[in-house]
Amino acid sequence: MIDYLIIPVIKLIVIFGVCLFFIAYTTWLERKVLGHFQLRLGPMRVGYHGLLQPIADGIKNFFKEEVIPENADKAVFLLAPIISISAAIILLAVIPFGKPITLFGKQITLYLANPSIGVLFILGFATLGAYGTILGGWSSGNKYGYMGGLRASAMIISYELSMAFSVIAIIMLSGSFSLVDMVNAQQNGIWNIIRQPVAFFVFFISGIAELNRIPFDMPEAESELCCGYNVEYSSMKFALFFLAEYTHLFVFASLVTTLFLGGWQGPALPGVVWFFIKTFAVIFICIWIRATIPRLRYDKVMKLEWKFMLPVAIANVIATGAVMALLG
Amino acid sequence: MEKSEIINVSKDRAEKGHYVKPILIGLGFTLKNFFSKPITLQYPDQKTKRSERWRGLHRLNVNENGELKCVACGLCAAICPSQAITVIPYEAEGQTRCPEKFVIDELRCIFCGFCQEVCPKEAIRLTQIYDYVAYNRESCIFDIQKLKNPDQFEFKG
Amino acid sequence: MDLIPVITIGVAAVLTALLVIFSKNTVHSALWMVGNCFCIAVLFLLLNSQFIAILQVIVYAGAIMMFILYAIMMLNLRENGEPATKKSLFIFRMALLILFLICLTNLCIGFSPLALKGDMVTQNMDHFGEVNLIANYIFSEGLIPFELISVLLTAAVVGAVYLAKKE
């Protein structure tokens, strides 16, 4: 009873609570860090250095007016943010946050589930999250939203490929789909970023593209599509899209940590602390890139994927296989 | 812009895919910005330094007895290019001339400062207050009471 | 006990499949199809084959339905009323449907675990869908058909590109 019901439920509440807290504060971090990159201060007025800003935003979103456009396909319009947020939050279930710890004489693992298909689970459900974007754009009955949805679907299909191929190299090295096994495979101190720099490079860039972040934010290009797929959304429905985006960012960063940066491993500090340090370092790099590089043109984004990233990723898989076969 | 701030990316180089180096330069530039001090001023708490000759809201000066220095000569009303000043004098036996009504429409005023230059008694002065806000137009028409003490209207956040 | 989720998901799968056909809006049809893929993925999960289940989600619900949705959105198919149907074809269609159902029933009986003997004992069923088993099968016994299918798919892609590029 206690093993099958109570411990998982407590773990569920703690992990989702902590992660959603971090995700809410990722929005604050993004605004703050982006501000400092642009010689501004970012949020300052709500709480000490704007620390209560996410809470203020949430309250504000709750009290905003809900608008459903006349041309909208109402059922799909309401469904889209739900798909978006649920497909994003379910990803948190398989991320290993740290070594198993012992509490009250019981060994507790710091992840909710360790399916034998962990990486595939994340890749699959990350793609499903794109349905929220696409359907949100389509159902708004708005030209810009429509274009945003169209771009999102084309981009997700493309970048999913190179992302999967770069992960295959890691799967070959660790011999398992499970994220826990992948972290354990990096136990000797050589992180996968050293053994697989090309895969890391491809994974990082395709990941940013999958997240629809600058410089690949085609579906919501402000200057071209005036916010694209979520242009008709207001109130909490918009907030759900927003939250889903940052959940994806957090999951992406923790995935990079798990696959390439050795997960929870590190000297001195406990594993969970190392995990979050690495995760937020990756998030910082994402914000740094956002602050620097302007948006690519749409055709160049596609060109980059099909003519550069995908061949490089496939060549990397072949090279990894060849080296592994040679070394036995 | 200083010369060091311009990053040159020629068209040929971008077409050939030689954009790695410019991107790295850009990343370095933004990182340098990240560690330098932000130039933001927290407006209502901190204010920019204004020139000493800054022309803001008007003040009617008083003498040591607490009476208005103004003698209601009407020069300011005459010179005002936007006709924002209305002066109605009050005259009584054995008393200095003083304004019965002195109204400045701050919405009409262009803050040229002619009134303070033309005033023979140094009765009208322009203060440094520039951020007076109001909910309606009537509150922007200042009478003697408001003009005596314009400091209360400075926006403090 | 195990039957209850199987039956629930099975009914859901049939319902979503029917809704794919009967939805008037093309995008709604595509959405119901995504739901159908999900139901089938859950059925695979209940059969202990996580790998096939997640492939169902990635390949069908993720990639292929995304392509279909993309095509629908590109062509901007909205509700255009009922397409014209010929009444005379009704009997032919019903015959085709019954034929299909007969084939399906035969297939189900032929391939059901009850009819199989030998390898398919309960212990093996538990590991039925694991990655290692599938990989071992594909790259040893099933290598030739597997490679042939990949050649066939490549040929299909090349053919599609050729047809699309014809000036």
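The values are calculated or read from the model by the stated rules, or taken from the named source; none is laboratory data. These numbers were taken from a predicted model, which means no experiment stands behind them. Please note: Cβ atoms are built from the backbone with ideal geometry, for glycine as well, and neighbour counts cover all protein chains shown.
Every residue, every condition in (1) assigned to a loop (DSSP other than H, G, I, E, B); (2) surrounded by 15 or more Cβ atoms within 10 Å (Cβ to Cβ); (3) over 16 Å from the mean Cα position of the chain (by Cα); (4) modelled with pLDDT of 85 or more, yes or no:
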| residue | (1), (2), (3), (4) |
| --- | --- |
| B:Arg108 | yes, no, no, yes |
| B:Glu117 | no, no, yes, yes |
| B:Arg125 | no, yes, no, yes |
| B:Lys156 | yes, no, no, no |
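Looking at B:Ile129, B:Ile104, B:Ile144, just one residue is on the phi < 0 side of the Ramachandran plot and touching a His at 6+ places or on another chain (Cβ under 6 Å), and that residue is B:Ile104.
The set of residues from region A:35-57 being crowded, with 17+ Cβ neighbours inside 10 Å, assigned to a helix (DSSP H, G or I) and within 14 Å of chain B (Cβ to nearest Cβ) comprises A:Gly35, A:His36, A:Phe37, A:Gly50. I'd like to check something: does region B:55-68 contain any residue that is farther than 19 Å from B:Lys148 by Cβ and not hydroxyl-bearing (Ser, Thr, Tyr)? Looking through region B:55-68, none of the residues is farther than 19 Å from B:Lys148 by Cβ and not hydroxyl-bearing (Ser, Thr, Tyr). Tallying residues that are surrounded by fewer than 20 Cβ atoms within 10 Å (Cβ to Cβ), more than 16 Å from A:Ala281 (Cβ to Cβ) and not aromatic (Phe, Trp, Tyr) within region A:20-33 yields 4.
Can you find a residue that is more than 7 Å from chain C (Cβ to nearest Cβ), assigned to a helix (DSSP H, G or I) and at pLDDT 80 or above anywhere in region A:95-114?
Scanning region A:95-114, I find no residue that is more than 7 Å from chain C (Cβ to nearest Cβ), assigned to a helix (DSSP H, G or I) and at pLDDT 80 or above, so the answer is no.
Here the helices (runs of 4 or more DSSP H) wholly within region A:188-300 that include at least 3 residues being touching a Lys or Arg at 6+ places or on another chain (Cβ under 7 Å) and more than 23 Å from A:Gly136 (Cα to Cα) are A:271-292. Would you confirm whether any residue within region A:250-262 is aliphatic (A, V, I, L, M) and closer than 30 Å to A:Glu70 by Cβ? Looking for residues that are aliphatic (A, V, I, L, M) and closer than 30 Å to A:Glu70 by Cβ, one finds none in region A:250-262, hence no.
Being at pLDDT 85 or above, farther than 17 Å from B:Lys121 by Cβ and either within 14 Å of another protein chain (Cβ to nearest Cβ) or surrounded by 15 or more Cβ atoms within 10 Å (Cβ to Cβ) (or both) is true for just one of B:Ile25, B:Ile85. Which residue is that? Break it down stepwise before answering.
Numbers: B:Ile85 fails: farther than 17 Å from B:Lys121 by Cβ.
Just one listed residue meets the conditions, B:Ile25.
Here is the figure for region A:116-151: residues that are farther than 21 Å from A:Ile90 by Cα and crowded, with 24+ Cβ neighbours inside 10 Å total 8. A single entry from C:Ile72, C:Ile109 fulfils the requirement of being at pLDDT below 85, under 23 Å from C:Lys24 (Cα atoms) and hydrophobic (A, V, I, L, M, F, W, C): C:Ile72. Which residue is surrounded by the fewest Cβ atoms within 10 Å (Cβ to Cβ), if the candidates are limited to region A:305-321 and must be aliphatic (A, V, I, L, M) and within 14 Å of chain B (Cβ to nearest Cβ)? Of everything passing the filter in region A:305-321, A:Val312 is surrounded by the fewest Cβ atoms within 10 Å (Cβ to Cβ).
Taking A:Gly137 as the residue in question, decide whether it is more than 19 Å from the chain's Cα centre (by Cα) and more than 10 Å from every other protein chain (Cβ to nearest Cβ). Lay out the reasoning, then the answer.
Values: more than 19 Å from the chain's Cα centre (by Cα): yes; more than 10 Å from every other protein chain (Cβ to nearest Cβ): no.
Judged against the criteria, A:Gly137 is not a match.
In region A:271-287, is there at least one residue being within 30 Å of A:Lys32 (Cβ to Cβ), away from every other protein chain (no Cβ under 14 Å), more than 20 Å from the chain's Cα centre (by Cα) and at pLDDT below 85? Within region A:271-287 (the criterion being within 30 Å of A:Lys32 (Cβ to Cβ), away from every other protein chain (no Cβ under 14 Å), more than 20 Å from the chain's Cα centre (by Cα) and at pLDDT below 85), the answer is yes, since at least one residue qualifies.
Here's the yes/no breakdown for (1) away from chain A (no Cβ under 14 Å); (2) assigned to a loop (DSSP other than H, G, I, E, B); (3) of a type in the set (A, V, I, L, M, F, W, C):
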{"site": "B:Lys32", "(1), (2), (3)": "no, no, no"}
{"site": "B:Thr40", "(1), (2), (3)": "no, yes, no"}
{"site": "B:Tyr43", "(1), (2), (3)": "no, yes, no"}
{"site": "B:Lys47", "(1), (2), (3)": "yes, yes, no"}
{"site": "B:Ser51", "(1), (2), (3)": "yes, yes, no"}
{"site": "B:Trp54", "(1), (2), (3)": "yes, yes, yes"}
{"site": "B:Asn65", "(1), (2), (3)": "yes, yes, no"}
{"site": "B:Cys70", "(1), (2), (3)": "yes, yes, yes"}
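Regarding A:Thr127, is this residue within 30 Å of A:Ser235 (Cα to Cα), in contact (Cβ under 8 Å) with a residue 24 or more places away in the chain and within 10 Å of chain C (Cβ to nearest Cβ)? It is true that A:Thr127 is within 30 Å of A:Ser235 (Cα to Cα), in contact (Cβ under 8 Å) with a residue 24 or more places away in the chain and within 10 Å of chain C (Cβ to nearest Cβ).
Got a sec? Which of A:Val14, A:Val9, A:Val46, A:Val76 is more than 21 Å from the chain's Cα centre (by Cα), farther than 26 Å from A:Arg213 by Cβ and among the β-branched types (Val, Ile, Thr)? I'd like the intermediate steps shown before the answer.
Working: A:Val14 fails: more than 21 Å from the chain's Cα centre (by Cα); A:Val46 fails: farther than 26 Å from A:Arg213 by Cβ; A:Val76 fails: farther than 26 Å from A:Arg213 by Cβ.
Just one listed residue meets the conditions, A:Val9.
Here A:Met218, A:Met302, A:Met324, A:Met236 are screened, and the one residue that is buried (at least 21 other Cβ atoms within 10 Å of the Cβ) and more than 16 Å from the chain's Cα centre (by Cα) is A:Met218.
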